[in-house]
């Protein structure tokens, strides 16, 4: 039985299903998990399906989350968009007797009994659509909205290099089978309050750029309060700075008062950055990663590590 059949078989036989994703969720984490819930309930009306984890106000249009309780540990766990134990939000994987991972990050460690990892996929949302297309799981318009949002966000509107012919084939099938209103999805994803535009202006004017073309900015609680934005919103704006000549790698350090550490978002137009992120309590893709740092010393250490990978990249390009 192929991986699609194995996952479908586990879903079919489970009476209770819990779906989790990574901490600090982005549209792909939320779209893949909430979209999968919609698909399962559309296929099997009598199942209990819960999506757990901390909510985020910025992406509330993707749907509501369920409050976790200890009774859920006797269900099947499905983890989407999360490569390792430490980043799973809201549950302890080890307490579940049966678990499945659906993920597009490079492999870090085995976390679930059954794992489907495709690091060539654009997003976990793409993988969930593929699963539905390859099995008897039934797509509907509600699920399609969430999954399309996840694909669009993780590919940055199909501009990132891991957008493949397969991505477009799957999106085409999604549109064809669900009559999805993509204009609504784009409006939900990209409509922003004016205060966020003003905050983006602040970021644009205050990036520091090293001589090795690493751009960085440290965002303090005072700045967040001044512009009335939260740490999650600040980190999610990282993709707005993709096309600046002077920055090959760019990073935002945003202090999160609840976590007492800096949310760190890193992007690249060539140098491989995920190995650096792994050294600083994070990880991710080769050109898009996240980390956590505690203080100014760790911030400077991370910047120095990024400088090194940019220097190596430039040397390799000239040789």
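Odds and ends about this structure:
- Scan of region 265-291 for residues that are assigned to a strand (DSSP E or B), farther than 18 Å from residue 213 by Cβ and free of Cβ contacts under 8 Å to residues at least 40 places away in the same chain, ordered by number: 291
- Subset tally (residues that are farther than 17 Å from residue 247 by Cα and surrounded by 18 or more Cβ atoms within 10 Å (Cβ to Cβ)) for region 197-224: 4
- When we screen 128, 152 for residues that are touching a strand residue (DSSP E or B) at 6+ places or on another chain (Cβ under 9 Å) and either farther than 19 Å from residue 30 by Cα or in a helix (DSSP H, G or I) (or both), the only hit is 128.
- Hits in region 178-236 - residues which are within 30 Å of residue 137 (Cα to Cα) and outside any loop (DSSP other than H, G, I, E, B): 178, 182, 183, 184, 185, 186, 187, 188, 189, 190
- Screening residue 262 on (1) touching a strand residue (DSSP E or B) at 6+ places or on another chain (Cβ under 7 Å); (2) closer than 23 Å to residue 160 by Cβ; (3) not in a loop (DSSP other than H, G, I, E, B) shows it passes everything except condition (2).
- Positions within region 251-264 being closer than 23 Å to residue 150 by Cβ and modelled with pLDDT of 95 or more, in sequence order: 252, 254, 264
Rundown of residues vs (1) farther than 21 Å from residue 199 by Cβ; (2) at pLDDT 90 or above, yes/no style:
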| position | (1), (2) |
| --- | --- |
| 212 | yes, yes |
| 219 | no, yes |
| 222 | no, yes |
| 236 | no, no |
| 267 | no, yes |
| 273 | yes, yes |
| 285 | yes, no |
| 305 | yes, yes |
| 315 | yes, yes |
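- The lone criterion from (1) outside the structural domain of residue 24 (by TED's automatic domain parsing); (2) modelled with pLDDT of 95 or more left unmet by residue 228 is number (2).
- Flag if residue 248 is farther than 25 Å from residue 57 by Cα and assigned by TED's automatic domain parsing to the domain that holds residue 35: no
- Qualifying residue in region 166-173 (condition: out of contact with any strand residue (DSSP E or B) (no Cβ under 6 Å at 6 or more places or on another chain) and in a loop (DSSP other than H, G, I, E, B)): no
- Region 89-104, subset part of a loop (DSSP other than H, G, I, E, B) and touching a strand residue (DSSP E or B) at 6+ places or on another chain (Cβ under 9 Å), residue nearest to residue 167 (Cα to Cα): 104
- Test for residue 60: is it in contact with a helix residue (DSSP H, G or I) (Cβ under 8 Å, 6 or more places away or on another chain) and over 17 Å from residue 83 (Cα atoms): no
- Conditions (1) out of contact with any strand residue (DSSP E or B) (no Cβ under 9 Å at 6 or more places or on another chain); (2) more than 30 Å from residue 229 (Cβ to Cβ); (3) modelled with pLDDT of 95 or more: number failed by residue 18: (1)
- Any hit, region 85-92, residues being more than 20 Å from the chain's Cα centre (by Cα) and over 29 Å from residue 159 (Cα atoms): no
- Residue 101 being surrounded by fewer than 22 Cβ atoms within 10 Å (Cβ to Cβ), in the same structural domain as residue 157 (by TED's automatic domain parsing) and either under 13 Å from the mean Cα position of the chain (by Cα) or farther than 15 Å from residue 26 by Cβ (or both): no
- Among the candidates 175, 139, 147, residue that is surrounded by 16 or more Cβ atoms within 10 Å (Cβ to Cβ), assigned by TED's automatic domain parsing to the domain that holds residue 57 and over 18 Å from the mean Cα position of the chain (by Cα): 139
The values are calculated or read from the model by the stated rules, or taken from the named source; none is laboratory data. As the structure is a prediction and not an experimental result, all values here were calculated from the model. Here Cβ is always computed from backbone atoms with ideal geometry, including for glycine, and neighbour counts include all displayed protein chains.
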